[in-house]
Amino acid sequence: MSEPLLVALDRVRAWLLDPESLVRAVASGRHKGQAPPRWRRVELRYVDLKAGRHLQVVAYDDTQAHTSNHAVDAAASAVDELLREPFGNWHVETMTQTHQVRVTKKLEAMVHTSARSAAPEVDRDHDRGKDRLLPESDPVFRALGLSDAEGRMKPSRQAKYRQVEEFLRLLDSSVTEAVAKGHLRRPTVEEPLRIADLGCGNAYLTFAAERFLTEVRGLPVHVTGVDVREQSRDHNNAIAAQLGVAAEFVVGSISGVALDPAPEVVLALHACDTATDEALARAVEWQASLVLAAPCCHHDIAAQLRTTATPTPYSMLTRHGILRERLADTLTDGLRSTLMRTRGYRVDVVQFVESKHTPRNTLLRAVRTGAGDADPGVRGEYDELVATWGISPRLAALLDA
């Protein structure tokens, strides 16, 4: 049942201003048809400083995080300022309950509250490793060999740790928004959220996702990792048994693996070249509700650009090899996102992790909205683009589009 938005936000305000009960809160998304809020995402929690307990607000724009701390008796003004922003979703965790607030198209509120099965451990430390979603001392990192026996991240693994952290932030916001908007069902113990990681390799992100969603978010999940190598299956299943997590790993190709029941969330992280296309095609086949794909290389379209005549007046874009490769990257992911739109997905192309940590830092985030095919004009623009450049995207062939 919906309720007046101001009434729901007044309840959110009370939850946010309770320094003894609030564990964590996240604001994200936007009101339908309105200008976006100032911040892409905001996280709130209480921390203990030398001057006493403060409400810590971490606000994210498109490039960085901005942190501010507010004394308990002065926190109301900061909270009121955030509540005035047109965020579409609020996720609030307290010591006893979890609350999801979603703003509808009619600017009403849908509120869902569930009881916690056990009281959480609350970290009030203001300096907790740059506000990591999973601390480097977490057992999952020791099991994966990223941290040492004392729980310290190995210097050679810092870039991988950063990659894991940024991926978890994207996963967290994507799952929260998809559930709040009804595009992804709310998981239960009887029916956990089904996640498939296609081309999982050593499964760093697979295990981190399972750990974060279950231990931090408190969501029942079941993760399946798929890789063509038996060594990866055996290695990852051994780690799963060691950690005692609900994850399994199977040998199979992305295009050929059979998963029953079909996954609701599909991950494809740094799958090489057309393996990303295969993962996107399988997600469409399974009607997956959420897809997170971080492409690796883009050899297929790059090779086609080398052998086809460059249309006028774009020869300057392909004359130099490095520019042709970058153009191929942009064309490939632009065409992928458009093809996913024609199959009923809302697609965002976002930065996965800062380029100084990895040159492959683009991520395609697709949410199945059930809205049917995209505007016919979108398909017309797609057809004109591939005809102009004389290219044949692999994903189009896999979708028979």
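A compact table of results
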read-out: Spin-label pair residue 315/residue 83, simplified geometry with 7 Å Cα→Cβ offset, distance in nm; value: 6.4
read-out: Square roots of five times the Cα gyration tensor eigenvalues for segment 78-231, Å; value: 30, 20, 15
read-out: Surface accessible to a 1.4 Å probe, residue 13 within the full protein complex, Å²; value: 80
read-out: Cut-off under 5 Å, modelled amide H: who pairs with residue 225 long-range; value: 197, 248, 249, 250
read-out: All Cα pairs of segment 95-184, percent lying beyond 17 Å; value: 65
read-out: Segment 9-92 - Rg (one decimal) and Dmax (whole number), Cα, Å; value: 12.5, 44
read-out: Extended-chain gain in nm, criterion 0.36 nm per residue less alpha-carbon gap, residue 303 and residue 228; value: 24.5 nm
read-out: Å² per residue, accessible surface of the chain at 1.4 Å; value: 47
read-out: Equivalent ellipsoid semi-axes - Cα gyration tensor, segment 145-304, angstrom; value: 22, 21, 16
read-out: Per principal axis, descending, Cα span of the chain in whole Å; value: 68, 50, 42
read-out: Unit charges on C-beta of K, R, D, E only; dipole of the chain, Debye; value: 560
read-out: For segment 241-394, size of Cβ-based charge dipole, Lys and Arg +1, Asp and Glu -1, in debye; value: 380
read-out: Residue 189/residue 111 FRET efficiency (R0 25 Å; Cβ-Cβ; nearest 0.05); value: 0.70
read-out: Net charge of neighbours whose Cβ lies under 13 Å from the Cβ of residue 219, counting Lys and Arg as +1 and Asp and Glu as -1; value: 0
read-out: Sulfur and carbon atoms: percent of accessible area, the chain [1.4 Å]; value: 49
read-out: Cβ-derived FRET efficiency at R0 22 Å, residue 73 paired with residue 13, nearest 0.05; value: 0.90
read-out: Which of 377, 195, 134, positive extreme of dipole for the chain (C-beta unit charges); value: 377
read-out: Computed [θ] at 222 nm, deg cm²/dmol, the chain (DSSP H ≥ 4; -39,500 (n - 2.57); rounded to nearest 500); value: -10500 deg cm²/dmol
read-out: Rg(Cα) / (2.2 N^0.38 Å) computed for segment 251-357, rounded to two decimals; value: 1.20
read-out: Cut-off 14 Å between beta-carbons: net charge of the residues surrounding residue 21, Lys and Arg +1, Asp and Glu -1; value: +4
read-out: Residue of 147, 68, 28 that the Gaussian network model of the chain assigns the largest fluctuation, springs spanning Cα pairs under 10 Å; value: 68
read-out: Charge dipole (debye, nearest 20) of segment 142-283; +1 at Cβ of Lys and Arg, -1 at Cβ of Asp and Glu; value: 420
read-out: Centroid-to-centroid separation of segment 165-243 and segment 18-35 [C-alpha atoms, Å]; value: 24
read-out: Pairs beyond 22 Å (Cα-Cα), from 106/181; 50/154; 32/181; value: 50/154
read-out: For segment 127-180: span of alpha carbons on each principal axis (Å, largest first); value: 39, 24, 18
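The values are calculated or read from the model by the stated rules, or taken from the named source; none is laboratory data. The structure presented is a predicted model; accordingly, all values stated were derived computationally and were not measured. Methodologically, a virtual Cβ is constructed for each residue, glycine included, from the backbone with ideal geometry; neighbour enumeration extends over all protein chains shown. Remember, those area values only see protein heavy atoms, side chains included, never the ligands or the DNA or RNA. Shrake-Rupley method; radii C 1.70, N 1.55, O 1.52, S 1.80 Å.
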